[in-house]
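The values are calculated or read from the model by the stated rules, or taken from the named source; none is laboratory data. The structure displayed is predicted, hence computed values, not measured ones. Virtual Cβ from ideal backbone geometry, glycine too; neighbours counted across all protein chains shown. For accessibility, only protein heavy atoms count, side chains too; no ligands or nucleic acids. Shrake-Rupley method; radii C 1.70, N 1.55, O 1.52, S 1.80 Å.
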Amino acid sequence: MTKTIRWGVLGCAGIAVKAVIPAIQSSRSGRVAAIASRDLKKAEKTAAAFGITKAYGSYEALLADPEIDAIYNPLPNHLHAPLTIKALKQGKPVLCEKPIALSAEEAMALAAAQKAARLPVAEAFMVRHHAQWKTARALVAAGRIGEVRAIQTIFSYYLDDPQNVRNQAAIGGGGLFDVGCYAINTARFLFDAEPLRAIALMERDPAFGTDRLTSGLMEFPDGWQLAFTCSTQLALTQRVTALGTRGRLEIPIPFNAPADEPTVLVLDDGRDLAGGGREEIAIEPVDQYGEQADAFAEAVLSGIPLETGLEDAIANMKAIDALFRSAVSGRWEEP
């Protein structure tokens, strides 16, 4: 293994082209050496745009390339676990987009393959690598807003293209898989705890069959609560607010923070409703995708276990499973 990770990318997904490939190309310890698509011309076009030397017309051909050190898997959700398992069997570590699988059961099958291969696998929650989230967690742990008892999260965008994978129920489309997973992941991160039970309300698109509007409530230990709304057919919105006994912490752009602009955390001690106790904490620009790539590369190069491994991904999937069950049963469900 060299000191630079040679990445192979499966597919030409928007997240890969717009964010992850550019981040890897400018990262400290990696470069994209190959890209694959079922459409060879598409792979070749993307490769040319980013100076990638190899383009493949099948995923299997890329996975078999002995000159590839690690795989980035941004394929549609139903291919996350199966192609990651295939990569592991070819001796390739994998950074896989979220959700890691379509169920906790599928995620545990992936974990078994990872254990057998003894190679790193991580779910690509890039927000865990952004300084604003690390700072937010440190502020909560330090008691800056007292005891945090509630988190409220909104994550929505509008997309009604029937050809988009996010609007195809059969392959894992819908709001909870795509963006609701962030609400769960980040609440678990801030609370540093796992949910005990969950209840959900879902409204499905009559044509697509996907959940286009989902609201969930999750109870954590000591009665702490996460309340969130996610949607694929509402105005573009992101917001996270942690509410404590002595104040609140707000993250205005929690998930798609710009790589080249500062972000801000807002602390308010609640002394009045006019912002008299408001404090802004500036966070320097961070390319969270680049930091994610470098963290994964370090695990591959050093052999040191990932800070956030598949156990965390399985826990998130268990919570998602509970919400889907609740939407059908109308009752609280345990992860």
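Counting only residues that are open to solvent by 60 Å² or more (accessible area, probe 1.4 Å) and not in a loop (DSSP other than H, G, I, E, B), which one in the stretch 44-53 is nearest to Lys92 (Cα to Cα)? Ranking the qualifying residues of the stretch 44-53, first place goes to Glu44.
Counting only residues that are aliphatic (A, V, I, L, M) and within 16 Å of Lys18 (Cα to Cα), the stretch 37-63 holds 5 of them. The residue of the stretch 251-279 that is farthest from Asp211 (Cα to Cα), among those that are assigned to a loop (DSSP other than H, G, I, E, B) and in contact with a Phe, Trp or Tyr (Cβ under 8 Å, 6 or more places away or on another chain), is Ala259. Only strands (runs of 3 or more DSSP E) whose full extent lies in the stretch 152-250 are considered here, and the ones with at least 1 residues that are over 30 Å from Cys12 (Cβ atoms) and under 19 Å from the mean Cα position of the chain (by Cα) are 211-219, 225-231, 233-244.
Let's see how each residue does on (1) in contact with a helix residue (DSSP H, G or I) (Cβ under 9 Å, 6 or more places away or on another chain); (2) surrounded by fewer than 19 Cβ atoms within 10 Å (Cβ to Cβ):
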residue	(1), (2)
Phe228	yes, no
Thr237	no, yes
Pro258	no, yes
Asp269	no, yes
Gly303	no, yes
Gly309	yes, yes
Asn316	yes, no
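One residue is enough: does the stretch 28-35 have a residue meeting the conditions open to solvent by 70 Å² or more (accessible area, probe 1.4 Å) and closer than 24 Å to Gly91 by Cα? Looking for residues that are open to solvent by 70 Å² or more (accessible area, probe 1.4 Å) and closer than 24 Å to Gly91 by Cα, one finds at least one in the stretch 28-35, hence yes.
Evaluate the following for Ala282: is it loosely packed, with under 15 Cβ neighbours inside 10 Å, modelled with pLDDT of 95 or more, small (Gly, Ala, Ser) and in a strand (DSSP E or B)? Here the answer is yes, as Ala282 does meet what is asked.
For the stretch 144-191, which residues satisfy the criterion of being buried (at least 19 other Cβ atoms within 10 Å of the Cβ) and among the small types (Gly, Ala, Ser)? Ser156, Gly172, Gly173, Gly174, Gly175, Gly180, Ala183, Ala187 - these are the residues of the stretch 144-191 that are buried (at least 19 other Cβ atoms within 10 Å of the Cβ) and among the small types (Gly, Ala, Ser). If you go through the stretch 239-256 and keep only what is among the aliphatic types (A, V, I, L, M), open to solvent by 10 Å² or more (accessible area, probe 1.4 Å) and over 30 Å from Ala169 (Cβ atoms), you end up with just Leu243. For the criterion of being touching a helix residue (DSSP H, G or I) at 6+ places or on another chain (Cβ under 9 Å) and of a type outside the set (Gly, Ala, Ser), Pro162 fails.
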